[in-house]
Every structure is written in structure tokens, then in C-alpha cells.
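The values are calculated or read from the model by the stated rules, or taken from the named source; none is laboratory data. What you see is a predicted model, and the numbers here were worked out from it, not measured in a lab. Cβ placement follows ideal geometry from the backbone for every residue including glycine, while neighbour counts extend to all protein chains displayed.
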């Protein structure tokens, strides 16, 4: 690799490499010398257990189940939340009517809605997807509405002066300016989706990373618990990077290396 490319790599991603390496070192020291490897397995033990679970397909089975639930609920919540947020941000009367409902419901944590979801939808997939929708939709609504409200009035007036219709103003001015806010809301909602799906899968799930955590607790499979935790963390990190790159591509709000 040429030196210039290597320098660019370290300037952009060297911090991540050092961060992960230091995390592994701290983890190992804490597991071996502070807590004890029985209750806090060191990285090499977790790595070996992960290889075993990957080879026998167990980890992919749980991971794929959680990803499918997250994607179904997250996409449904986003597709519902974006148009509602656009309406709230574009029309003041609609915002006054819808905002109290949004603010009221978003302060009820999704974990508190688990019992309601089971009563309404049973213990199958529908209840878990409902919880993801619930934890996603309000964040997307508020960020989308904030994006529309943040559009500079001068841009709207300039488009009107050029003879643009309301539909053209929406498609060519309001919507492009709102996309970074929408993506930011989706990014925050995705983080909440991870938290919610684990809590939902702790109750009445046959597969999923939450189920894997629950089984690890019930049978004291500490290695399995840490494999599921590391899997969640790595998956969340990758998804968050994708959202930050998307925001950067649309608005240059974040550097892809930050």
C-alpha cells in the first residue's frame, strides 16, 4: 500500500483501530486480573465460543431472526413517521393537533408496552414488530418535522418568486433539505430498535439475540451471553456507520471518517 494511502487510512480510521485494540486490552486485563474469567470471560474465550456458534449455525440463526424483526419494524415505523413528520412540519394546524399525541406517547418507554403488545398481538412476531414500530415512529416524526421547520424562509420565497408551485417547492426545496434530518432521526430510532428487540425477545421468543441472552442467564452460559453482546455491539456499530455515511453524502454534516 502506498504511503499516502496508508496515511489517509490512519488519519481517518486509525482512531477506530486504536479504540478497538485498547478496548480488547482493557477487557482482557479486567477479566483476568480484576473480575475473574468465570463471570467475565476474556476476549479469546468469547472469540472461541463465537467460532463454535458460527460453525454450528446457532449464532446466525439468532442473528438473522433479530435482524428480520428489526428491519420489519424499523422500515414500517419510518415509512409511517416520515409523511406524518412532513405534514406536521409543513402545516401549523396539523402540528398543533398531532404534536400532543406524539409527545405523550413517546415518553412511554417501549419496554412498558411489552405487556400491551402481548395482549393485543399475542406472543408471536406481530407483537415484536409492533414494539419496534412504536420505538421508531416518534423519533422519525419529530426529526422530520424539525427538518421541515428549519428550512430557511428565503429559500421558499426565492422558489415562489421563480414561479414554483407548492408541489415543486416541496419536491425540490423542502424534501431535499429535510433528508439529513430524516436520516438522523432514523439513525437514532435504529439504536432504540436494538434496545427494544432485545427486551422483546427476552419474553416468549424461540430465537433471536435476546433469546440467546435469556438462555445464557438461565443456564449460566456466560460465554454465550458475551458473544450475543459483542454481536449486538458490532452490528450496531456497522449500522450506525452506514447512517452517518448517508448523512454525510446528503449534507456533508459528518465526515465519513468521524
*Consider residue 31 against the criteria (1) at negative phi; (2) assigned by TED's automatic domain parsing to the domain that holds residue 217: it satisfies all of them except one. Which criterion is unmet?*
(2)
*For the range 74-119, which residues satisfy the criterion of being within 22 Å of residue 202 (Cα to Cα) and buried (at least 17 other Cβ atoms within 10 Å of the Cβ)?*
74, 77, 110, 113, 114, 117, 118
*Please give the number of the condition residue 31 fails out of (1) under 30 Å from residue 212 (Cβ atoms); (2) modelled with pLDDT of 85 or more; (3) surrounded by 14 or more Cβ atoms within 10 Å (Cβ to Cβ).*
(2)
*What helices (runs of 4 or more DSSP H) completely inside the range 39-141 contain at least 3 residues that are in the same structural domain as residue 152 (by TED's automatic domain parsing) and within 26 Å of residue 182 (Cα to Cα)?*
58-90, 92-106
_residue 76 being modelled with pLDDT of 90 or more and in contact with a helix residue (DSSP H, G or I) (Cβ under 7 Å, 6 or more places away or on another chain)_ = yes
*asked:* Here are the criteria: (1) closer than 30 Å to residue 57 by Cβ; (2) surrounded by fewer than 17 Cβ atoms within 10 Å (Cβ to Cβ); (3) in contact (Cβ under 8 Å) with a residue 40 or more places away in the chain. Tell me which single one residue 250 does not satisfy.
replied: (1)
*So which residues in the range 152-184 are farther than 30 Å from residue 138 by Cβ and part of a loop (DSSP other than H, G, I, E, B)?*
162, 163, 164, 165
*Could you list all residues from the range 49-62 that are more than 24 Å from the chain's Cα centre (by Cα), at negative phi and free of Cβ contacts under 8 Å to residues at least 12 places away in the same chain?*
51, 52, 55, 56
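If you go through the range 26-39 one residue at a time, do you hit one that is touching a helix residue (DSSP H, G or I) at 6+ places or on another chain (Cβ under 8 Å) and in contact (Cβ under 8 Å) with a residue 60 or more places away in the chain? Before the answer, list the steps.
Residues of the range 26-39 that are touching a helix residue (DSSP H, G or I) at 6+ places or on another chain (Cβ under 8 Å), as a first pass: 27-28, 31, 37-39.
Okay, now just the ones that are also in contact (Cβ under 8 Å) with a residue 60 or more places away in the chain, so 38-39.
Among the residues of the range 26-39, at least one is touching a helix residue (DSSP H, G or I) at 6+ places or on another chain (Cβ under 8 Å) and in contact (Cβ under 8 Å) with a residue 60 or more places away in the chain, which makes the answer yes.
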_The conditions are (1) surrounded by fewer than 20 Cβ atoms within 10 Å (Cβ to Cβ); (2) within 17 Å of the chain's Cα centre (by Cα), and residue 202 fails exactly one of them. Which is it?_
(2)
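Results for (1) modelled with pLDDT of 85 or more; (2) over 21 Å from residue 51 (Cβ atoms); (3) outside any helix (DSSP H, G or I); (4) outside the structural domain of residue 143 (by TED's automatic domain parsing), shown as yes or no for each residue.
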| position | (1), (2), (3), (4) |
| --- | --- |
| 193 | yes, yes, no, no |
| 204 | no, yes, yes, no |
| 212 | yes, no, no, no |
| 231 | yes, no, no, no |
*asked:* Looking only at the range 89-132, how many residues end up being touching a helix residue (DSSP H, G or I) at 6+ places or on another chain (Cβ under 8 Å), under 30 Å from residue 168 (Cα atoms) and free of Cβ contacts under 8 Å to residues at least 60 places away in the same chain?
replied: 5
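Kindly provide the set of residues from the range 120-139 that are more than 24 Å from residue 99 (Cβ to Cβ) and surrounded by 23 or more Cβ atoms within 10 Å (Cβ to Cβ), ordered by number. Walk me through it before giving the result.
Here is the first cut: in the range 120-139, the residues more than 24 Å from residue 99 (Cβ to Cβ) are 120-129.
Result: 128, 129.
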